[in-house]
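K.L.:
I am attaching a structure below and will ask some questions about it afterwards.
We did not get these values from a lab; they are worked out from the coordinates using the rules stated. The structure presented is a predicted model; accordingly, all values stated were derived computationally and were not measured. Neighbour counts run over all protein chains shown; Cβ positions are idealised from the backbone, glycine included.
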Amino acid sequence: MMLRRVLITALVGLSLAGCSSTEEPAAVSPGTAEPTAAGDAAAAAATADPAAAQDPAQAAVAIALRAADLPAGWTVQANPLPTDADLAANPSLTGICGQTFASEAQRTSKQPVVGLDDAGTPQLSSEAIAYTSPAAAEAAVQELVQAFSRCPEDQYTFEPGPSAEGLAPTSVVFQYRLADGTTQVVIAQATGQLLSVLIGEDPAITAAAGRSIATRMAALPAGTVGG
């Protein structure tokens, strides 16, 4: 599930639980991955050692959302892109509150993963994104702040969010209530060329997952991700 899809769906008043990767518009969908490919991707991410990452793409896999970041009984659904996927046709952030992100053109890989509760309902959407440089990853964070500052006031009511304690030094946290009363939390944090973005409805669970990811981000070799 692309982050862009979650936020656009939320914008028209639907809950996160109502989204699935099969609902992506054909124009921007990476396609439905084969179950074996998705399972292999989830297994690889679950065991990836961030300290052993040899390039930004491997680092993105290592910091991707995994079941261990979530409450007991929850699982993850990896949504790997086809090996020949064109990232230009698979936005990560562009479209949030109608904004365009110049940093999208600087992405080199991404790992989309959805967190499912013990009933199999999607509760968190995430992407671990690798960029061409640390400056590009930081620019993405800045553009995200700018985008949220331009959200329609009649559809987004911003509230105090979870504490940023335990997140990466370059991080932002947003919490807002939609017109239908749904609460969503967005956590974005960057280390070197890597950006992790989480979207969830439960502030505590989303923040806990963000802190767990931050721990793996801190273990990435600086020479590998330009940190």
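K.L.:
Quick check on the range 86-125: what does the Kirkwood estimate of hydrodynamic radius come out to from the alpha carbon pairs, in Å?
P.N.:
Kirkwood hydrodynamic radius for the range 86-125: 12.0 Å.
K.L.:
Also, quick follow-up: Starting from the Cα of ALA88, step 7 Å along the direction of its Cβ; do the same at ASP118; then give the gap between the two resulting points in nm.
P.N.:
Label-label distance for ALA88 and ASP118, simple model: 4.7 nm.
K.L.:
Then there's this: May I ask you to work out the translational diffusion coefficient for the range 85-227 at 10 °C, viscosity 1.306 mPa s, via Stokes-Einstein with Rh from the Kirkwood sum over Cα pairs, reported in whole µm²/s?
P.N.:
So the translational diffusion coefficient is about 102 µm²/s.
K.L.:
Would you mind checking the range 64-83 for residues with the amide N under 11 Å from a putative spin-label position 7 Å along Cα→C-beta of ALA37?
P.N.:
Flagged as within label range: 79-83.
K.L.:
Just to verify a number: FRET efficiency for ALA51 and GLN142, C-beta to C-beta distance, R0 = 35 Å, to 0.05?
P.N.:
It comes to 0.80.
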